[in-house]
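Participant: Before I ask anything, here is the structure I am working with.
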Amino acid sequence: MKKENLRIVFMGTPDFAVESLKALVENKFNVVGVVTMPDKPAGRGYKFQPSAVKEYALSQGLHILQPEKLKDEAFLNELKLLKADIQVVVAFRMLPEVVWNMPPKGTFNLHGSLLPQYRGAAPINWAVINGEKETGVTTFFLKHEIDTGEIIFQEKIAIGENDNVETVYNKLMVLGGNLVVKTMNAVVEGTVHSSPQAEWMDNRCELKPAPKIFKETCQIDWNKTGSEIHNFVRGLSPYPAAWTEFEVNNHKLNFKIFETKVIADPHSHSAGKIITDNKSSLRVAVSDGFIEIVELQLSGKKRMKTVDFLNGFSF
């Protein structure tokens, strides 16, 4: 089959998905429809804003569908009329079987981890939080249980000691776009071979999940080790951001923490004790040393480097 004849429906919403859609368009694949979330109110005026995928699809003149409900009869009928041979899903909602089972060549998903590790909503965050040295992207065919379908391809990247979610996300976004094109080329050439995730599993390692992250789970526990806290901060930076509560002049103030360093100096302070010269250094005692806070944000204020913050604030 020629790739111009392969009818593709793409499903995605955030900028992570745009890179994959863009890769398909620029490689001359026949994207006959794009499914994305309905516009949502955002900003000060709560004006309705399109998703990043919709903005790119509009710029390319692609046919756009924005269903409120994926089982809605009108949407399903419109989707059928597109006569897709295959569907691609990148950072989208969980699909009902009536949708993912519709095209004859199936539906494949791009996931931001090396499956079967880190199944779930926040794979990039959890890989960094857990101090992994590498991660990657996986394409796999959808089935009933989330993120469990047969794997087609994987690509790996290293995670540096000071990488945060933003830097890893940006690397995986580009890598993912390339992997989607590689997968689609295999579909066109009729060389797709998928295999059960059990064959990709290292039986010596336990499977680590990647559940959705909530504000309550972003609070720093200063009783943990320096490396655990450092990984936790960079695994949530810049969004949604790790946070803590410091007591300053008998007032409890909330701070988001964006960048830290581990200082392995022995001490006798209790965990969570603030050590600062109120000029350039702000450290917090932890079980095996200190965490140096490099960048932070006081609730209601701007994000700042610690040295700048201490120019106008005293602990």
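The values are calculated or read from the model by the stated rules, or taken from the named source; none is laboratory data. The model shown is predicted, which means the values in this text are computed figures rather than measured ones. Every residue, glycine among them, receives a Cβ derived from its backbone with ideal geometry; neighbour counts consider all protein chains shown. Protein only, heavy atoms only, side chains kept; ligands, DNA and RNA dropped before computing areas. Shrake-Rupley method; radii C 1.70, N 1.55, O 1.52, S 1.80 Å.
Participant: Restricting attention to the range 281-303, and to residues there that are open to solvent by less than 80 Å² (accessible area, probe 1.4 Å) and polar (S, T, N, Q), which single residue is nearest to Leu236 (Cα to Cα)?
Facilitator: Gln297
Participant: Any idea which residue in the range 265-315 is modelled with the highest pLDDT, counting only those that are at positive phi and within 30 Å of the chain's Cα centre (by Cα)?
Facilitator: Here the residue is Gly272.
Participant: Moving on to the next point. Take the residues in the range 215-245 that are surrounded by fewer than 16 Cβ atoms within 10 Å (Cβ to Cβ) and of a type in the set (D, E, K, R); name whichever of them is farthest from the chain's Cα centre (by Cα).
Facilitator: Checking each candidate, the answer is Glu245.
Participant: What's the number of the only condition in (1) of a type in the set (D, E, K, R); (2) touching a residue at least 60 places away in the same chain (Cβ under 8 Å); (3) surrounded by 14 or more Cβ atoms within 10 Å (Cβ to Cβ) that Lys212 fails to meet?
Facilitator: (3)
Participant: Out of the residues in the range 48-79 that are more than 24 Å from the chain's Cα centre (by Cα) and of a type in the set (Gly, Ala, Ser), state the one that is farthest from Met102 (Cα to Cα).
Facilitator: Among those that are more than 24 Å from the chain's Cα centre (by Cα) and of a type in the set (Gly, Ala, Ser), it is Ser59.
Participant: Return a yes/no flag: does the range 54-71 have any residue that is among the hydroxyl-bearing types (Ser, Thr, Tyr) and either free of Cβ contacts under 8 Å to residues at least 12 places away in the same chain or farther than 24 Å from Met173 by Cβ (or both).
Facilitator: So far as the range 54-71 goes, yes, one or more of its residues are among the hydroxyl-bearing types (Ser, Thr, Tyr) and either free of Cβ contacts under 8 Å to residues at least 12 places away in the same chain or farther than 24 Å from Met173 by Cβ (or both).
Participant: Let me ask something additional. Please work out which residue is nearest to Arg7 (Cα to Cα), limiting yourself to the range 178-222 and to residues that are among the aliphatic types (A, V, I, L, M) and in a loop (DSSP other than H, G, I, E, B).
Facilitator: If we take residues in the range 178-222 being among the aliphatic types (A, V, I, L, M) and in a loop (DSSP other than H, G, I, E, B), then Val192 is nearest to Arg7 (Cα to Cα).
Participant: Among the numbered criteria (1) crowded, with 19+ Cβ neighbours inside 10 Å; (2) closer than 30 Å to Glu295 by Cα, which one does Pro116 miss?
Facilitator: (2) is the only condition that Pro116 fails.
Participant: Under 8 Å by Cβ, and 6 or more places apart or on different chains, what pairs join a residue from the range 126-148 that is closer than 29 Å to Glu259 by Cα with one that is acidic (Asp, Glu)?
Facilitator: Val128/Asp163; Gly131/Glu228; Gly136/Glu155; Val137/Glu155
Participant: If we scan the range 48-59, do we find a residue that is part of a loop (DSSP other than H, G, I, E, B), among the polar types (S, T, N, Q), surrounded by 20 or more Cβ atoms within 10 Å (Cβ to Cβ) and at pLDDT 95 or above?
Facilitator: The answer is yes; a qualifying residue exists.
Participant: Does Ala122 fit the bill of being farther than 30 Å from Lys2 by Cβ, buried (at least 18 other Cβ atoms within 10 Å of the Cβ) and of a type in the set (A, V, I, L, M)?
Facilitator: The answer is yes for Ala122.
Participant: Can you tell me which residue is nearest to Asn164 (Cα to Cα) among those in the range 234-285 that are without any contact (Cβ under 8 Å) to a residue 40 or more places away in the chain and basic (Lys, Arg)?
Facilitator: The qualifying residue nearest to Asn164 (Cα to Cα) is Lys261.
Participant: Moving to a separate point now. So for the range 191-202 (the condition being of a type in the set (Val, Ile, Thr), surrounded by 19 or more Cβ atoms within 10 Å (Cβ to Cβ) and under 24 Å from the mean Cα position of the chain (by Cα)), does at least one residue qualify?
Facilitator: no
Participant: Do you know which residues across the range 69-113 are of a type outside the set (A, V, I, L, M, F, W, C), surrounded by fewer than 21 Cβ atoms within 10 Å (Cβ to Cβ) and either touching a Pro at 6+ places or on another chain (Cβ under 6 Å) or outside any loop (DSSP other than H, G, I, E, B) (or both)?
Facilitator: Lys71, Glu73, Asn77, Glu78, Lys80, Asp85, Glu97
Participant: Taking the condition of being in contact with a strand residue (DSSP E or B) (Cβ under 7 Å, 6 or more places away or on another chain) and either acidic (Asp, Glu) or open to solvent by less than 30 Å² (accessible area, probe 1.4 Å) (or both), how many residues in the range 261-280 meet it?
Facilitator: 2
Participant: Mind checking which residues of the range 226-249 are of a type in the set (Gly, Ala, Ser) and not in a helix (DSSP H, G or I)?
Facilitator: Gly235, Ser237, Ala241, Ala242
Participant: For the range 246-260, how many residues are modelled with pLDDT of 95 or more and surrounded by fewer than 14 Cβ atoms within 10 Å (Cβ to Cβ)?
Facilitator: 1
Participant: Looking at this structure, is Gly149 open to solvent by less than 20 Å² (accessible area, probe 1.4 Å), small (Gly, Ala, Ser), part of a loop (DSSP other than H, G, I, E, B) and at pLDDT 95 or above?
Facilitator: It is true that Gly149 is open to solvent by less than 20 Å² (accessible area, probe 1.4 Å), small (Gly, Ala, Ser), part of a loop (DSSP other than H, G, I, E, B) and at pLDDT 95 or above.
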